[in-house]
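The structure appears below as structure tokens.
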Amino acid sequence: MAHHKSALKRIRSDEKKRDRNRYQHKTARNAVRNLRASTDAKEATALLPLVSAMLDKLAKRNIIHKNKAANLKSSLTKHVSGL
């Protein structure tokens, strides 16, 4: 157990950040899954910029690695262009 006030505050703030990061990561994963499952070209084309922005934000905030974001965006773009 932490003994300093600053350590207790750090524990509280870390938990909030962890919850926020998990929520954003899960939301982006669901969006990627929905985009991959999409068979309608118009719908997929509309979703692609939104999902790309989500991935960019995750990479910017170090929730996922920037190369992982780039690889996901690339594969999603190939999927959408193939529809």
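Every number in this text was worked out from the coordinates using simple rules, so none of it is lab data. The model shown is predicted, which means the values in this text are computed figures rather than measured ones. Neighbour counts run over all protein chains shown; Cβ positions are idealised from the backbone, glycine included.
General remarks:
- Residue order, fewest to most surrounding Cβ atoms within 10 angstrom, among Ser38, Ser6, Ser75: Ser6, Ser75, Ser38
- Values of log10 I(q)/I(0), in the order q = 0.12, 0.26 Å⁻¹, for the chain under a Debye, Cα-only, solvent-free model: -0.44, -1.18
- Sequence of Thr39, Thr77 once ranked by neighbouring C-beta atoms within 10 Å, starting from the fewest: Thr39, Thr77
- Residues Leu72, Leu83, Leu35, arranged from fewest to most other Cβ atoms within 10 angstrom of their Cβ, appear as Leu83, Leu35, Leu72.
- Kyte-Doolittle at least -1.0, axis length at least 15 Å by Cα - qualifying DSSP helices, the chain: 41-60, 66-82
- Contact order normalised by residue count of the chain, Cα under 8 Å, 6+ apart, percent: 29 percent
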